[in-house]
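Coordinate-derived values only; no laboratory data. As the structure is a computational prediction, the values presented were derived from the model and not from experiment. Cβ sites come from the backbone with ideal geometry, for glycine too, and all protein chains shown count toward neighbours.
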Amino acid sequence: MISDVQKIDIIRSTTESSQESTVQRLGKDNRKSLTARVKPEDLIVFNQRLKLFGFNSINELVREFIACRFPQVTEDKQIGNLIQNTQSNGQKTALEDGNNCGSFYHNVDLEDMFNYYQNIRNLHTKSCRDLIGYFRRFRDQFFSKNAEELRVLSPRIRSKIMDSFRKFGQYYLYKYNDDSCIDLVSKIIRRYNLNAGNNDHSRLYIVDDNYLEEKLRMLLQLQGEIGLIVRFAMFSGLREDELTYIHRKEVCSNLGGCSCERLHMIKKPNGLTIILIQWHRGHKKCYFSIVPTALWEAFRSLPFFDYNPHIKSAHSYLKAKDKDLHFMWLRKAHYNIMCRAMKPFEANVLAGRAKTVDAKHYAMYELDAMSKSYADAWKKFGIDFSS
Ligand SMILES: [Zn+2]
């Protein structure tokens with residue numbers, strides 16, 4: 001092995017004793033030669049394999065190897081490597097902690113993890129307990145070849161498992177300043193297709209009814225214009241730009257299958273109004289919304305409504321009142337409440353997340369059923385529009 005100091009000495013002595021042209025060449029081409037010692041009988045094998053993989057020279061092989069184009073590492077192999085790497089790091093950390101058994105995911109201090117979720121991530125105590133519970137129960141399977149078997153579980157349970165392991169990855173990063181666990185978790189999820197059948201629904205689904213009810217009760221008590229805006233956002237489930245759009249958009253008085261671009265209203269006897277919006281921009285689509293009639297009228301009578309200051313103020317107000325809340329949370333809550341009485345894809349139609357075909361079908365044939373489901377959903381939370 002030649003040290004750097006020695007190398008400099010060699011270059012210096014070469015420079016001193018040779019012509020200027022040699023010095024220039026040395027400066028330009030600073031590549032190193034690598035040598036490998038091979039038995040004569042292996043040399044034939046080596047040349048065959050070189051040809052087999054499509055290389056004309058060992059230089060080509062080395063170039064491809066450095067550029068990560070050879071060998072092609074499959075995701076399976078990467079997962080194996082990552083588990084191994086994380087394992088050895090974890091064992092080192094575990095040794096420092098005075099605990100020497102099992103693999104990196106067994107050496108985690110669950111209590112410390114719980115504290116991280118509660119105090120650093122500000123999660124609810126119940127969510128923290130859930131995350132730890134799922135992690136403890138499924139860690140052996142998740143980090144093994146049997147992870148595939150997790151696919152037989154329902155999408156709801158799988159989404160809880162994935163959530164617990166993704167958060168574990170974040171905890172690992174926080175604790176050991178090492179993001180390889182985040183990487184590992186997402187690779188396992190992708191490799192074993194644990195996401196299959198999961199969509200927006202599982203991402204947006206709030207499991208705890210009591211939690212939802214408690215927040216609703218607080219939100220419904222908000223007074224003044226802020227209260228009105230918050231209620232309208234929550235009962236309509238519309239996105240921010242859709243709210244400002246329908247506030248200023250002209251209403252068409254023609255109800256018989258008119259196709260103009262104005263808003264069309266269908267007033268229902270159960271105290272609800274269906275607003276046909278049909279506003280599309282990019283991949284965001286808004287077909288229609290169902291809102292309590294009285295609330296719609298109050299919202300439309302606001303002389304002025306825009307992102308700034310109305311939505312912005314409502315947003316800061318909510319955040320100051322409750323650290324879990326923000327303006328877009330209202331749309332999430334709406335979706336969750338709808339899911340208590342509708343099938344997820346119907347709730348998706350209402351939230352403007354569905355395919356056009358579904359939505360058109362609903363807009364034409366199912367609005368009555370939909371407005372009934374809407375009313376039933378809120379009734380589950382003690383809210384009745386017909387009285
Ligand atoms: Zn019209």
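Some points to look at:
- Local electrostatic count, LEU61, Cβ distance below 13 Å [Lys/Arg +1, Asp/Glu -1]: +2
- Between the amide H of ARG239 and any residue lying 5 or more places away or on another chain, no distance stays under 5 Å, with hydrogens modeled in the peptide plane.
- Of LYS285/LYS372; LYS267/LYS379; LYS249/LYS285, those spanning more than 21 Å from alpha-carbon to alpha-carbon: LYS285/LYS372
- Highest to lowest packing among 296-309, 121-134, 326-339, 209-222, scored as the average C-beta count within 10 Å: 326-339, 121-134, 209-222, 296-309
- For region 116-123, 3J(HN,Hα) per residue [Karplus equation, 6.51 cos²θ - 1.76 cosθ + 1.60, θ = phi - 60°, Hz, x = Gly/Pro]: 4, 4, 6, 8, 8, 8, 6, 8
- For ASP178, the amide hydrogen comes within under 5 Å of the amide hydrogens of LEU173, counting only partners 5 or more places away or on other chains and with H modelled in the peptide plane.
- Of all DSSP beta bridges confined to region 193-333, the antiparallel ones make up roughly 85%.
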